[in-house]
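First up is the structure itself, then whatever we jot down about it.
Derivation of every value follows stated rules applied to the coordinates shown; laboratory data play no part. Because the structure is a prediction, the values reported are computed rather than measured.
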Amino acid sequence: MVARLIDEDPEQAYAYSRIALRLASRVAAVREAAGFAAYANQKYAEAIAEFRAAKRMTGSVELWPVIADCERGLGRPERALAMAGEPEVQKLDKAGQVEMRLVAAGARRDMDQLDAAIVTLQSPELASSSVQPWTARLRYAYADALLAAGREDEAREWFAKTLEADKDGATDASDRLAELDGVEFVDASADDSDVDVEDQDEDEDEDEVEPEFEAEFDDEDDEDDDDPEVVAAERASDQAEYYDEDDDEYEGDADVDADVDVTDEVVVLDEDEDEDEDDRQVDDRRDAGVRDDG
């Protein structure tokens, strides 16, 4: 479980390793796995303790380079360099020796000894044209050291060689090479997808907002229809519009004063005529009664 999670979820791997230690602390494989889990979480002191315990149990020196790298992690590059000169290094296989060379070069760089780091990496393994599991990492470290020393042309050459050996994409040599060449990559598909998503979000917002406004307006109309004050105001507005003084029907009447409401005048005249007519009828009947009495 620790080996499966250590790359994807180092913290979870570390938690499993602590449980394994409580259950089987006398098993060398458990101590080694716990050491790598601590190393992945930058818990270098714990990692050194577990690696040394595993070394004592097995008698193997294969963990020597990673123990030296933990010394670097603790800020002790001098100890890492001292370990690079110990007899244990001679007992390492080729991969272990290359790993120890990488650690030693890193320690030199920690001490700001760039030229010494470059010399440390210059080896038969670096010059070999054959591709081994360590070739890409060794070439990459050499190119990075050259770049740090300001030797860009040589660094570009070795980043290109790294890319040739890095079939699995274990390094970012392609990105470093493009950076030296001044090439910038733009993910057009990502930009298009972002635009499409934004447009889609806008469309969804419009679809969501418009019905709400329509419903709101409908509710307001329904409330206005039921409100007597609103109905009366609408009627008054309609009447004022119908009898507008600026209406073409009433403009140009020279006999009517502009300040006089024509409608009121007509209505008043009609009422006066009706009253006069009623008065005359009453007088006529009265006169007729008098004559009959005479």
_Linear extension gain, Ala160 paired with Arg18, 0.36 nm per residue minus alpha-carbon span_ = 46.9 nm
*Which values, in whole Å and largest first, are the semi-axes of the equivalent ellipsoid of the range 40-108 obtained as the square root of 5 times each eigenvalue of the Cα gyration tensor?*
17, 16, 9
_lysines with Cα under 30 Å of Lys43, excluding same-chain neighbours fewer than 8 positions away_ = Lys55, Lys91, Lys94
*Against the globular-protein guess of 2.2 N^0.38 Å, express the Cα radius of gyration of the range 1-127 as a ratio, rounded to two decimals.*
1.11
